[in-house]
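The values are calculated or read from the model by the stated rules, or taken from the named source; none is laboratory data. Computed from a predicted structure; not experimentally measured. FYI the Cβ positions are ideal-geometry reconstructions off the backbone, even for glycines, and counts take in every protein chain you see.
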Number of protein chains: 2
Amino acid sequence: MSNAYHRKKQPERVRQQLLEVAARLSLEQGIGAVTLDAVSQAAGVSKGGLLHHFPNKLALLDGLFDELVARFDRAIEEAMAGDNVERGRFTRAYLTVCLALEAKADGKGWQVLTIALLAEPHLKARWREWVAQRAAEFAETDSSANCLLARFAADGIWLADLLESHELDAQTRSFLLQKLKALSLQ
Amino acid sequence: MSNAYHRKKQPERVRQQLLEVAARLSLEQGIGAVTLDAVSQAAGVSKGGLLHHFPNKLALLDGLFDELVARFDRAIEEAMAGDNVERGRFTRAYLTVCLALEAKADGKGWQVLTIALLAEPHLKARWREWVAQRAAEFAETDSSANCLLARFAADGIWLADLLESHELDAQTRSFLLQKLKALSLQ
DNA sequence: CTTGACAAACCGTCCAGACGGTATCTTTAT
DNA sequence: ATAAAGATACCGTCTGGACGGTTTGTCAAG
């Protein structure tokens, strides 16, 4: 125990571990449980070690946000690759990813975190930027009111999953997905 | 300064003031700024005074939640009163209220708060209960997949307002409202 | 004179971050 | 090839402040 000092150094591994632990903590005990002490301890690192990787708490949350967005982007890109209709392609990918999120193993882990992130003004701004960027990138194919509507609905469903406020059976779920995808085409 | 002691006693007024201040603080500086010290001070009351009205912090947040839901309910009821088509009536009211929320003077004040409330497990559960209750109450008229979809979209728009992530001009806004209301009818 | 509506001082805990150190890794000079 | 010279990756401790909550006291109204 005493000499975690002497173990092999693996900065990238530790960094990743810290992010994972932070995500897990927020999931299991709410964002309030994400303290430097708790995260570092659960990651098997001292607080000093944590602060070496992330100079302050906001940096840690930023790191979490980066990871989150990166996964989201990857999932969207993947979904877009299997779709050869131009019109509304981004919207359909967005739909797919949002609706699938609650099922995905890791998705579950990120959700509670997400809402907390969005309460933080700084991260809220970063998210706004993400949206603006995508809106510009896919203006040609996905700026119609119908696409917008579909994406809003996806957000609503995502929110419902997050809050566990509605119990959606797989059947209505896929019905909604169908309906929304249709919207993205017309 | 010293003699806030001697001012006229007006418990109901003070209680209200505390709630308003808490809402305003959360709006302007995030939920992190809602501390007993900050709220009481900004409301011109001592911390002891605050804790007289709300025995602990959770009670304060609960009070906030009650207020929020009460206003929401009143607005919905009002909107339903002016609608004499049975089918989807609740959904249309829900739409109207959600989409109008960002315009309303006080609505603005409650939004940031809301998301923070939903991060709190206890309040999240209370919200879940609200949803379940309404779902049961309006099962006859508003349980179709289309109504569900419309409400999800409303949630998405509400979320976008909250995060200021999309800039919706009044035109598309009313277009979406129209479209969604139509959905609630078919 | 009792009760409700506050005030003011205080307490224990938690937490972000600073700091000074130590061990391991990498590069460079020889 | 190797040893010195940093650079990087950590550890352990400390501190100052914030925060939720308690306690005790004070005033006013009924």
*Could you grab the pairs with beta carbons closer than 7 Å, sequence gap of 6+ or different chains, first residue in segment A:45-68 and acidic (Asp, Glu), second one buried (at least 17 other Cβ atoms within 10 Å of the Cβ)?*
A:Glu67/A:Leu19
*asked:* What's the number of the only condition in (1) surrounded by 13 or more Cβ atoms within 10 Å (Cβ to Cβ); (2) modelled with pLDDT under 90 that A:Lys8 fails to meet?
replied: (1)
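Out of everything in segment A:11-38 that is within 8 Å of DNA strand C (Cβ to nearest atom) and away from chain B (no Cβ under 14 Å), what residue ends up being surrounded by the fewest Cβ atoms within 10 Å (Cβ to Cβ)?
We begin by selecting, within segment A:11-38, every residue within 8 Å of DNA strand C (Cβ to nearest atom); these are A:32-38.
Now narrow it down to the ones that are away from chain B (no Cβ under 14 Å): A:36-38.
On the way: A:Leu36: 16, A:Asp37: 10, A:Ala38: 16.
Only one residue fits best here, namely A:Asp37.
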*Do you know which residues across segment A:140-175 are within 7 Å of chain B (Cβ to nearest Cβ), in a loop (DSSP other than H, G, I, E, B) and surrounded by fewer than 16 Cβ atoms within 10 Å (Cβ to Cβ)?*
A:Glu164
*What do you reckon, is A:Thr96 buried (at least 21 other Cβ atoms within 10 Å of the Cβ), more than 10 Å from chain B (Cβ to nearest Cβ) and part of a helix (DSSP H, G or I)?*
yes
_Given (1) touching a Leu at 6+ places or on another chain (Cβ under 9 Å); (2) modelled with pLDDT of 90 or more; (3) surrounded by fewer than 18 Cβ atoms within 10 Å (Cβ to Cβ), number of the condition A:His122 does not satisfy_ = (2)
